Amino acid sequence: MNLVDIWNQMGPFAKGIAFVLFVMSMLSIGVAVERIYTFVQARKQSKLYAPQVAKHLKDGRLKDAIAISTSKNYRYSHLAKVVLAGLQEYQFQQESGGGLSREDLMDTVRRAIQRASALTASDLKRMVPALATIGSTAPFVGLLGTVVGVINAFQGIAATGSGGIGAVSAGIAEALVETALGLLVAIPAVWFYNYLTGRVEYFNVEMDNSSSELVDYFIKKTA
């Protein structure tokens, strides 16, 4: 009995469970591919961005640093988004002549950076929790199909009045296929979730370090 025969013998409910698992699998793969691409671009662009913005700041060219931070070449860079928020807030306070003290100015810049960091971290984690949901629920969806398959097996026994393998083979095969499908969907989703979560944590550390370095730069600049 091949998979085509098993599929043809499945009832509508079992086929519905298999379709749900297929959709979950496609969603899991789609999210993983999109996030991995985004993370690769973020890391690549941030490596190019960091030395360039550092050079502009070292030379005191704040407007050039802001200009490069808004460049489309660094639209995926998580560092550019965080640093830009601090640079723009500092420039706004300097040009508006708000008369803030040095401590108040630094607090204002820190809050702007913290807001940008929180938004960027949230954007990096976008759809990643869906992988955790798929990884945790797919086995139970498959188990539901398994239960239905076992019920069909017992119905086969009741219909034939015999407990032979022929009476229950179709239902048992259906049950095992549903279990396997659930596991095949769940295992990659959990792998992808763990990998992507680790990358997000790494990016958060990079943003925290860049934020601290930027604040230190402003403190030295206003000393």
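The values are calculated or read from the model by the stated rules, or taken from the named source; none is laboratory data. None of these values were measured; they are calculated from a predicted model. Glycine gets a Cβ as well: all are built from the backbone with ideal geometry, and neighbour counts include every protein chain shown. SASA here: full protein model, heavy atoms, side chains in, ligands and nucleic acids out. Shrake-Rupley method; radii C 1.70, N 1.55, O 1.52, S 1.80 Å.
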Accessible area of Tyr195 in the full protein assembly, 1.4 Å probe (Å², nearest 10): 120 Å²
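Please list Leu48, Leu57 from largest to smallest accessible area, probe radius 1.4 Å, with all protein chains kept in place.
Sorted by accessible area, descending: Leu48, Leu57.
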Segment 1-142, relative contact order in percent, only Cα pairs under 8 angstrom and at least six apart counted: 29 percent
³J(HN,Hα) computed for each position of segment 48-64 - Karplus, 6.51 cos²θ - 1.76 cosθ + 1.60, integer Hz, glycine/proline x: 6, 6, 4, x, 6, 5, 5, 5, 5, 5, 4, 8, x, 9, 5, 5, 5
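About the Cα centre of segment 46-123, how large is the charge dipole given +1 on each Lys and Arg Cβ and -1 on each Asp and Glu Cβ? Please answer in debye to the nearest 20.
360 debye
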Of Ser136, Ser117, Ser71, the one that fluctuates the most in a GNM where the chain has Cα springs shorter than 10 Å: Ser71
Reachable aspartates and glutamates, given that their alpha-carbon falls under 18 Å from the alpha-carbon of Lys58 and they are not under 8 places away in the same chain: Glu213, Asp216
Portion, in percent, of the accessible area of segment 1-145 that falls on carbon or sulfur, probe 1.4 Å: 62 percent
Using θ = phi - 60° and Karplus 6.51 cos²θ - 1.76 cosθ + 1.60, couplings along segment 11-18 (whole Hz; Gly, Pro as x): x, x, 5, 5, 5, x, 5, 5
Taking segment 21-86 and dividing mean pair separation by its residue count, relative contact order in percent (alpha carbons under 8 Å, at least six apart): 36 percent
Among (i) 135; (ii) 244; (iii) 294, the entry that matches volume of the Cα convex hull per residue in Å³ as calculated here: (i)
Qualifying aspartates and glutamates (Cα of each under 16 Å from Cα of Lys125; at least 8 residues distant if same chain): Glu34, Glu201, Glu206
Rounded to the nearest 10 Å², the accessible area of Phe13 at probe 1.4 Å: 110 Å²
Exposure of Met106 as accessible area (Å², to 10), given a probe of 1.4 Å and all protein chains: 10 Å²
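Return one whole number: the accessible area per residue of the chain in Å², for a 1.4 Å probe.
Per-residue value: 56 Å².
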Accessible area, probe 1.4 Å, largest first, for residues Trp7, Trp191: Trp191, Trp7
Helix 102-124 axis, angle to the chain major axis (alpha carbon atoms, nearest 10°): 20 degrees
Among Gly86, Gly182, Gly16: highest mean-square fluctuation, GNM of the chain, C-alpha pairs under 10 Å: Gly16
